[in-house]
Amino acid sequence: MNAEADRFDPYALFSVLERQFVFYVLIGGLARVIQGSGEVTNGLDLCPSLKEDNLGRLAAALAELDARTAAGKPVVLERDLVGRSALALETAAGPLTIVPEPAGTQGYEDLRRRARNEPIGQGLRPQVAAVDDLARMLTVLNRDRDRELLRTMQRVIELRPEIRRGLDRGIDI
């Protein structure tokens with residue numbers, strides 16, 4: 001196992017986000033794992049609300065986590081998030097990527113409509129993107145490395161009747 005995977009502690013990351021009352025939707029690998037994918041992941045990807053008060057709480061959480069940019073500098077959201085499709089950070093609890101507007105979505109407000117709070121243990125229930133939204137993001141990204149993940153998410157959709165009913169009502173992925 002590499003050092004990055006050794007220090008990835010999602011519970012510590014979620015605990016700080018919760019303690020600071022940060023509004024976000026979990027996306028990416030861990031969201032897909034929670035929704036039924038068998039992949040392995042070693043970081044958190046999240047789409048936060050971009051409202052000013054929430055960004056202030058997110059900044060406090062990042063300071064508490066000693067978040068650093070790839071250049072090793074402390075994070076200043078007003079500077080580091082502007083104009084970026086994703087902000088990859090290293091924290092004391094492992095990698096964290098902030099994605100203001102994930103591919104194929106309109107950001108937090110779009111994703112939160114179908115997201116659900118999922119129990120992951122230790123009293124934590126992060127808001128996790130819906131399977132169809134996770135599949136939509138993979139579809140729009142259209143990366144070769146994601147093809148198998150997309151097939152997995154499509155299979156999860158097929159196996160979950162409540163998702164299938166939503167698709168029958170015209171929810172598009």
Revision key, fill the gap. The simple spin-label model distance between ASP66 and ALA103, using points 7 Å out along Cα→Cβ, in nm, is 3.4
Practice item. Please get the size of the charge dipole for the chain, origin at its Cα centre, with Cβ charges of +1 on Lys and Arg and -1 on Asp and Glu, quoted in debye to the nearest 20. Key: 380
**Study point:** Residue-by-residue Karplus 3J(HN,Hα) for region 88-94, coefficients 6.51, -1.76, 1.60, Hz, glycine and proline x
**Key:** 8, 10, 9, 10, 4, 10, x
Practice item. Provide the FRET efficiency to the nearest 0.05 for the ASP9-GLU78 pair, computing r from the beta carbons and using R0 = 25 Å. Key: 0.35
**Study point:** Calculated from backbone phi, Karplus (6.51, -1.76, 1.60) coupling profile of region 106-115 in Hz, x at Gly/Pro
**Key:** 10, x, 3, 4, 5, 6, 5, 4, 10, 5
Exercise for review: Using every Cα-Cα pair within the chain, state what percent have a distance larger than 22 Å.
Suggested key: 42
Revision key, fill the gap. Which residues qualify? For LEU44, with a placed amide H closer than 5 Å and at least 5 residues away or on another chain, they are LEU96, THR97
Review point. Amide H to amide H under 5 Å from VAL128: which residues, 5+ apart in sequence or cross-chain, H placed 1.01 Å off N in plane?
Key: LEU26, ARG116, ASN117, GLU118
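Coordinate-derived values only; no laboratory data. Computed from a prediction, not measured in an experiment: that's the story for all the values here. Positions of Cβ are backbone-derived with ideal geometry, glycine not excepted, and every protein chain shown enters the neighbour counts.
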